[in-house]
Amino acid sequence: MLLRILTIPVISTATLSLVCVVVLAGRHQADSGCVTTLDAQDALDVVGKRSSEQPMLRREPITPLVGKHDLPRSKVMLGKLLFNDVRLSGNNTLSCASCHNVSEGGDDGRPGSLGIDGQIGGLNAPTVLNSSLSIAQFWDGRAKDLYEQAPGPIHNPIEMGSNWDEVISKLNRDHDFVQEFRSVYPGGITADSIVDAIVAYEFALVTVDSPFDLYLKGDDDALSSDALDGYRLFKSAGCISCHQGQLVGGNMFQTFGVMKDFDDRFDASSELSNGRLNVTQRESDLHRFKIPSLRNVQLTAPYFHDGGTASLEEAIRIMAEFQLGESFSDKEIARIRAFLVSLTGQVEEDLR
Ligand code: HEC
Ligand code: HEC
């Protein structure tokens, strides 16, 4: 019965996405009208669970990722300096880059991040790469954009453990830095200008030219046959109903554990497991998280909000089981992995 329920959207998702890929492969604009919306019945079919609280699952296909080009370079480079500046932390030991290493996937490769004085956080650090393009920031989406996000870690007592007064007075003691800062922001060092520069840098951290982007733009040789098979399976199995759009994710919130119980995998009693409920206080948002972008996912192990899953193969297996009620063979997992690996793009060299 379950399989039958899931079969209906499977066919239409695949058909729709293929149509769009054909259009894209013909080098037409990315916004060529491929976007559509599922009706209520389809949404129900895809998530396989009846709940009026579930948002519609939009069946938006994957489009190539295009970088932003209109950012003032001086701001971006000042933002890079600040992102790497340990003076943003209380005891001058941590910068944003300590937990978001831009040359290695934009995360820290640890289950929980190592904050000030060796404190370990309970949530996995997501990548900052392409984060400007997602629907909201943090696993629970509590910051609506990067401007709202940036002050968070600076003030968080288990991350950077500082505050604006401290940071601004430290930076103001560095004469050369003040001059450099003023050449970009004549008003000098303020909380707003620090955030603005960091965000400009983050806007520039868009990873382009992944093999999959090249394929979408018409290069038929950009993908291996395994990656292409994996892409087809990703669509036909229904992963794309959640991981979709240019980020292959990042554009909505969904419950972990659609087809299996959350606590078969995570500690449901932990506050960190609440997800979006922490923001909305709605019971229906319990265990609901921002769907991560799968761009560069090869570089961002370990996986899931608790960072408790070390390998990408294992993450794919868990997703198939918990979100789709599917059990993939090793070969199928290897193909999906090959597709996901093809989503690894390039960060501009000067920005690393
Ligand atoms: C001690 C490690 C640590 C430091 C230092 C740190 N972060 Fe993070 N960052 C995290 C963790 C952990 C999360 C996820 C927290 C959550 O979702 O509640 C996160 C989330 C983010 C996100 C949201 C990404 C997404 O997809 O939701 C952005 C953007 C970000 N950090 C940027 C920064 C910036 C800018 C700085 C410096 C001002 C910084 N971080 C400093 C660990 C860190
Ligand atoms: C119903 C929506 C939904 C479906 C369908 C779905 N996912 Fe996910 N995916 C999520 C959510 C939500 C998370 C974050 C869960 C968490 O961390 O607790 C996630 C996380 C992941 C991650 C970990 C990413 C990271 O950075 O930690 C991978 C990999 C992944 N999904 C791959 C897949 C694959 C492959 C499929 C198809 C077999 C799939 N997903 C189907 C919603 C979905």
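The values are calculated or read from the model by the stated rules, or taken from the named source; none is laboratory data. What you are looking at is a predicted structure, and each value in this text was computed from that prediction instead of being measured. FYI the Cβ positions are ideal-geometry reconstructions off the backbone, even for glycines, and counts take in every protein chain you see. Just the protein is used for accessible areas: all its heavy atoms, side chains included, with ligands, DNA and RNA removed. Shrake-Rupley method; radii C 1.70, N 1.55, O 1.52, S 1.80 Å.
Worth a mention:
- Each peptide in 315-321, 305-311 receives the mean, over its residues, of other Cβ atoms within 10 Å, and ordering these scores from highest gives 315-321, 305-311.
- Trypsin sites (Lys or Arg not before Pro) lying in DSSP loop within the stretch 140-224, provided at most 16 other Cβ fall within 10 Å: R142, K144, R173, K217
- Centre separation in Å (Cα based) which lies between the stretch 175-250 and the stretch 74-131: 17
- Simple Cβ-charge dipole of the stretch 176-332, Lys/Arg +1 and Asp/Glu -1, about Cα centre, in debye nearest 20: 420
- Pairwise inverse Cα distances across the stretch 73-204, averaged and inverted, put the Kirkwood hydrodynamic radius at 14.9 Å.
- Semi-axes of the equivalent ellipsoid of the stretch 211-336 are 28, 16, 13 Å, computed as sqrt(5λ) over the eigenvalues of the C-alpha gyration tensor in descending order.
- Entries of K260/K290; K144/K217; K144/K290 with Cα pairs more than 21 Å apart: K144/K217
- Once the 1.4 Å probe is applied to the protein heavy atoms, the stretch 73-204 comes out at 43 Å² accessible per residue.
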